[in-house]
Every structure is written in C-alpha cells, then in structure tokens.
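The values are calculated or read from the model by the stated rules, or taken from the named source; none is laboratory data. Just so we're clear, the structure is a prediction, and the values are computed from it rather than from any experiment. We place every Cβ from the backbone using ideal geometry, glycine too, and count neighbours over all the protein chains shown.
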Amino acid sequence: MHCVYIVRCADGTLYTGYARDPDAREKVHNSGRGARYTSGRRPVVLVYREILKSRGDALRREHELKRWSRRRKEALVAAVLLHQEPPRRRRRASAPSGDAPVNSSRKLPSAADTISR
C-alpha cells in the first residue's frame, strides 16, 4: 500500500508526505522524529490519506499536492470531511425512547478515511 497523506500541524499549517502506513507516520511525526518541518509544530493530526497503486504514482501525487496552494489543499480536506457518514447513535435498553445517548467508547471516523485511486 502506497499513500499520500496530509497532516495538520498545531499551528494550523498543512504538511504533505508519502508513507506506506500513514497512521504509523503520524506517530513518528508526533514523536519529533518525523520531518524537520513538523518537529517544531507538534502535535500533528492526520486529516487526509489517498491510496495509490504504486510508489511512483504516490510520489508523483505527493509532488502534485505539494505544489497546490493552501486554499486548494484545505478544499480537498473539506471535501473528504463532507463525504463521511456521521457517527451512528446507539440506544441503550434503559434509555427513554426519545433520548438516544452516543456511545462514547466508539472511535469517531477521522478526516483521513481512505480514498482509493
């Protein structure tokens, strides 16, 4: 699996990179051992990932995204967010019928859900 990813840094800037495992790469960035750019802008949050067929395709796409303006990257991230399903609510047996509490132990979908090419 070859991925291009975008992380949002603590100062609000975006960083684009290539990784085989974007989740693991996010952890490396947050440990301070990632890119020099992100090491001083921690914590970072993975906001976008795109899976491509080959390493070459992923590196070409990374290069393409790095040339995009911040505004265009923000639009890409926002488009991914708009296409996500909202978290589903689960009813508890003891809850009144009109009151459905949210299961707080469920992990919410991230903005970086996979987009295949």
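Going through Arg60, Arg25, Arg49 one at a time, which residue ends up being assigned to a strand (DSSP E or B) and of a type in the set (Lys, Arg)?
Arg49
From the list Gly34, Gly56, Gly17, Gly12, pick out the single residue that is buried (at least 18 other Cβ atoms within 10 Å of the Cβ), of a type in the set (Gly, Ala, Ser) and either modelled with pLDDT of 95 or more or within 12 Å of the chain's Cα centre (by Cα) (or both). Working first, answer last.
Details: Gly34 fails: either modelled with pLDDT of 95 or more or within 12 Å of the chain's Cα centre (by Cα) (or both); Gly56 fails: buried (at least 18 other Cβ atoms within 10 Å of the Cβ); Gly12 fails: buried (at least 18 other Cβ atoms within 10 Å of the Cβ).
Every option except Gly17 fails the conditions.
Tell me, yes or no, whether region 11-21 has at least one residue that is in a helix (DSSP H, G or I) and among the β-branched types (Val, Ile, Thr).
no
Here are the criteria: (1) free of Cβ contacts under 8 Å to residues at least 60 places away in the same chain; (2) under 21 Å from Leu81 (Cα atoms). Tell me which single one Ser54 does not satisfy.
Ser54 satisfies all of (1) free of Cβ contacts under 8 Å to residues at least 60 places away in the same chain; (2) under 21 Å from Leu81 (Cα atoms) except (2).
Report, ordered by the first and then the second residue, all pairs with beta carbons closer than 8 Å, sequence separation of six or more or different chains, a first member in region 59-71 that is without any contact (Cβ under 8 Å) to a residue 24 or more places away in the chain, and a second member that is in a helix (DSSP H, G or I).
That search, which allows pairs on different chains as well, returns Trp68/Leu76.
With the condition kept exactly as written, say whether any residue in region 75-98 is loosely packed, with under 11 Cβ neighbours inside 10 Å and either part of a helix (DSSP H, G or I) or modelled with pLDDT of 90 or more (or both).
Yes - at least one qualifying residue is present in region 75-98.
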